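The block underneath contains the structure these notes are about, expressed in C-alpha cells.
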Amino acid sequence: MNILVTGAKGQLGSQLARYFQEKRTPLGTPSILTEENKLYLTDADELDITDGAAVLSFCKGKEISLIFNCAAYTNVNKAESEEEIAYKINAQGAENLARAMQERGGRYILVSTDYVFDGEKGAAYTEEEACSPLGAYGRTKREGEILSLAACKNTAVMRTAWLYGREGNNFLKTVIRLCEERGGMRVVNDQFGSPTFTEDLAYHMLLLAERTETGVFHATCEGVCTWYEFACEIARLAGLKAEILPCTTEEYPTPAKRPAYSVLENARLKALGINRFRDWREALKRYFA
Ligand SMILES: NC(=O)c1ccc[n+]([C@@H]2O[C@H](COP(=O)([O-])OP(=O)(O)OC[C@H]3O[C@@H](n4cnc5c(N)ncnc54)[C@H](OP(=O)(O)O)[C@@H]3O)[C@@H](O)[C@H]2O)c1
C-alpha cells in the first residue's frame with residue numbers, strides 16, 4: 001500500500017512519520033507498520049493541499065490508497081483575521097484530499113478539533129452531538145469535516161484537542177519558555193479540555209486506518225483539566241520553579257473566543273474496543289521521560 005502523510009513536518013505528522021520509520025509505537029504495533037507499505041511524506045513546500053489538481057496528480061502518480069491528513073491552518077487567533085486562508089486549507093484542502101481518495105477508492109483519515117463545539121454543554125461531547133464553533137478556526141475545520149465526509153465515502157474524521165508533541169510549537173513549549181525567561185506566567189483556569197500527546201493520537205490513527213469504519217471519531221487523552229492545571233503539571237515535570245498564577249478568560253482576552261468546556265468522549269473508539277488513550281497526566285509524564 002502507498003500511504004501519504006500531509007503536514008508531515010508538523011507536530012502530528014512528524015510523530016506519524018517516526019512511527020513508520022521505527023515500525024513500532026510505545027502503545028503497541030499496529031500491523032500497518034509491519035507491512036511492506038511505502039510512505040510519502042509531504043508538507044506545504046512539496047504538496048500544497050489547496051491545489052486540487054496537484055493533489056489528484058500526486059495521488060494518481062504515486063498510486064496512493066491511504067491518506068493521513070495532518071496538514072492544517074492551526075493558528076486559532078490569527079484565523080479570526082485570515083478566515084479565507086484558513087478555509088482554503090482546512091476546508092477546501094481537506095476536501096481535495098478526500099476527492100483524490102474517492103477517485104482512487106482509498107481511505108482518508110482527517111484530523112479535526114474540539115473547537116467545533118461551543119463548550120456550552122458543560123459535559124463531555126460524543127460524536128453525534130451538534131457542532132457550533134465559536135471562532136473562524138473551528139468553523140473552517142467543521143467545513144472540512146462536512147466536505148470531506150461528503151466527498152469520500154471512506155473517510156474517518158478524528159477530532160482531537162490541546163495537542164502537544166516533540167516537534168513544532170505548542171502550549172507546552174510556550175510554558176517552558178516563559179517560565180525559564182520570566183520565571184512564571186498567568187494561565188486561564190476556566191477553560192477545560194483534555195491535553196493530548198501526539199504519540200497517543202498517531203497510534204490511534206494507525207489503528208483506525210486498518211479498519212473500515214467511517215464517520216466522526218473523538219480521539220483525545222483521558223481525563224480533564226484547565227490550561228492552568230496543565231501548565232502547573234508541565235512546570236512540575238520539567239523541574240521548573242516558576243510562579244504560575246490562575247486567571248479568568250475575561251482577564252486574558254484573545255482575538256478568538258474559545259469553548260469553556262470542550263471535553264470529548266471517545267465513545268466510538270470505546271465501542272470498537274480500541275480506545276487505548278492514556279490519562280493526560282500519564283501521557284505527559286511519558287513526554288518528559
Ligand atoms: N495543535 C492543537 O492544539 C490541535 C488541537 C486540535 C486539533 N488539531 C488538529 O490536529 C492536526 C495536526 O495539528 P498540528 O498541531 O500537528 O499542526 P501543525 O504543527 O501546525 O502542522 C500543520 C502542518 O500543515 C502544514 N500546512 C499548512 N498549510 C498547508 C498546505 N496548504 N498544504 C500542505 N501543508 C500545509 C504546515 O506547514 P507550515 O508550518 O509551513 O504552514 C504544518 O507543517 C490539525 O488538523 C489540527 O487542526 C490541533
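Would you list the strands (runs of 3 or more DSSP E) that sit entirely within region 1-114 and hold 2 or more residues that are of a type in the set (Val, Ile, Thr) and near the ligand (Cβ under 7 Å from one of its atoms)?
Numbers: elements: 2-6, 38-41, 64-69, 107-113.
Qualifying strands (runs of 3 or more DSSP E): 107-113.
What's the total number of residues in region 146-164 that are closer than 14 Å to SER194 by Cα and not in a strand (DSSP E or B)? Before you say what the answer is, go through the steps one by one.
Just the residues of region 146-164 that are closer than 14 Å to SER194 by Cα, to begin with: 159-164.
With not in a strand (DSSP E or B) added as a condition, the list becomes 161-162.
Of the residues in that region, 2 qualify.
Which one of these is more than 23 Å from PRO255 (Cα to Cα) and at pLDDT 95 or above: ALA86, ALA53, ALA72? Can you show your working first?
Working: ALA86 fails: more than 23 Å from PRO255 (Cα to Cα); ALA72 fails: more than 23 Å from PRO255 (Cα to Cα).
None of the others qualify; the one that does is ALA53.
Quick check on region 220-252: of everything there that is charged (D, E, K, R) and at pLDDT 95 or above, which residue is surrounded by the most Cβ atoms within 10 Å (Cβ to Cβ)?
Taking region 220-252 as the starting set, the residues that turn out to be charged (D, E, K, R) are 222, 229, 233, 236, 241, 243, 250-251.
Add one more test, that the residue is at pLDDT 95 or above, and what stays is 222, 229, 233, 236, 243, 250-251.
Details: GLU222: 18, GLU229: 18, GLU233: 20, ARG236: 14, GLU243: 11, GLU250: 8, GLU251: 11.
Here the residue is GLU233.
Check off (1) surrounded by fewer than 20 Cβ atoms within 10 Å (Cβ to Cβ); (2) more than 20 Å from GLU120 (Cβ to Cβ); (3) touching a His at 6+ places or on another chain (Cβ under 9 Å) for LYS270 and give me the number that stays unchecked.
LYS270 satisfies all of (1) surrounded by fewer than 20 Cβ atoms within 10 Å (Cβ to Cβ); (2) more than 20 Å from GLU120 (Cβ to Cβ); (3) touching a His at 6+ places or on another chain (Cβ under 9 Å) except (3).
For GLY183, are the conditions met, namely being near the ligand (Cβ under 10 Å from one of its atoms) and in contact (Cβ under 8 Å) with a residue 24 or more places away in the chain?
Numbers: near the ligand (Cβ under 10 Å from one of its atoms): no; in contact (Cβ under 8 Å) with a residue 24 or more places away in the chain: yes.
No: the conditions fail for GLY183.
The values are calculated or read from the model by the stated rules, or taken from the named source; none is laboratory data. Please read all numbers here as calculations on a predicted model, not as lab measurements. Glycine gets a Cβ as well: all are built from the backbone with ideal geometry, and neighbour counts include every protein chain shown.
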